[in-house]
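Engineer: Encoded as C-alpha cells, here's the structure I'll be asking about.
Laboratory data are not the source of any read-out in this text; all were calculated from the coordinates shown. Note that the coordinates shown come from a computational prediction; the quantities given were computed from them, not determined experimentally. Note that each Cβ is placed from the backbone with ideal geometry, even for glycine, and that neighbours are counted across all protein chains shown.
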Amino acid sequence: MSQIFVESNPPQRTSVGAAPAAPHDAAAFAAQLAQASPHDIIETAVRALPDGLAVVSSFGIESAVLLKFVADVDRSLPVLFLDTLWLFKETLSYRDTLITRLGLTDVRTITPSPSALALRDPKLELCFRDRDACCGIRKVEPLARELEGFDGWMSGRKRYQGGDRGALAVVEADGPRLKFNPLARLTRAELNVVFGASKLPRHPLEALGFSSVGCVPCTHRPRAGGALRDGRWGGLAKTECGIHAGPLPSPGNS
Ligand code: SF4
C-alpha cells in the first residue's frame, strides 16, 4: 500500500515543483503530476489557479475521499454540487453530513434553469425518453454556466471505475480550462483505507447495496459480481452523464 494515499492528518509535504510555465498547458501538468499523490495534485492545482479552481462532487458513494483530501489542503475551495432535482434524499443528507464532518465552507448547490425545465421537461418525464437531453439540462448546462467564472476544476474519477475512465489522465484540458483528477491512480483498496483511517462516514445507500448513486430514475443496485457503475443507466448504452464527455458547451449555446 502506498503511504501517499493513507495520510489521516493534513500533511506537511514538500513541493512537487513549480507550475509549468504555460499555466493552462494540460499536457505539461499531466507529465509533471503523473506520479504525484492526490494531496500534491490538489496543492499544485490550488497554486496554479488561485481563486479560479472549483471541485465538482456528486456527494456519492466514493466522494468523501476527494473531499477529505481537498479539505486537508483548503476547506474554502468552492465545491459545486449538481442537484438535478431527481436526487435521492439520502444524497442530500450525506452532503450535509460531509460538509459538517470536513468543515467545507463553500459548497454550492447548483440546480437546473427553471426556464429550461419548463420548456424542455415540463412533465418531468424527459429522463424516461431522452436521458442525454435530461442530463443536458440538469447536469451539463448548469455546470457549464457555473464554471464560467473558473479557470479549472477537479473531479473524483478513478481509473479502476473502468469504461472510459480506465485511461484517465491526471490532468486534462476541458476547452480553455484545466481539469484535475487527483484520484486517477488510486485503487479501490486504497480508497477504502482512506475511508477507514479518516473515519469518513459512508453514503447511506451503500449499506443497501448501491455501489454508485446518481438520480433516482437512473440508479439501481448492480447485479452480483457486476462492475461498480453497472447500476447507473442499467441496461442502456449510456455510461456517463456528459459532464466529462469533452469540453463543456458554451453557456450561450446551451
Ligand atoms: Fe436525468 Fe437520469 Fe441524467 Fe438524472 S441521470 S439528469 S434523471 S437522465
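Engineer: What is the spin-label model distance, in nm, from VAL216 to SER113 if the labels are put 7 Å beyond Cα along the C-beta direction?
Structural biologist: Going from the VAL216 label point to the SER113 one covers 2.6 nm.
Engineer: What is the calculated FRET efficiency for GLU206 to ARG75, with r their C-beta to C-beta distance and R₀ = 41 Å, to the nearest 0.05?
Structural biologist: 0.95
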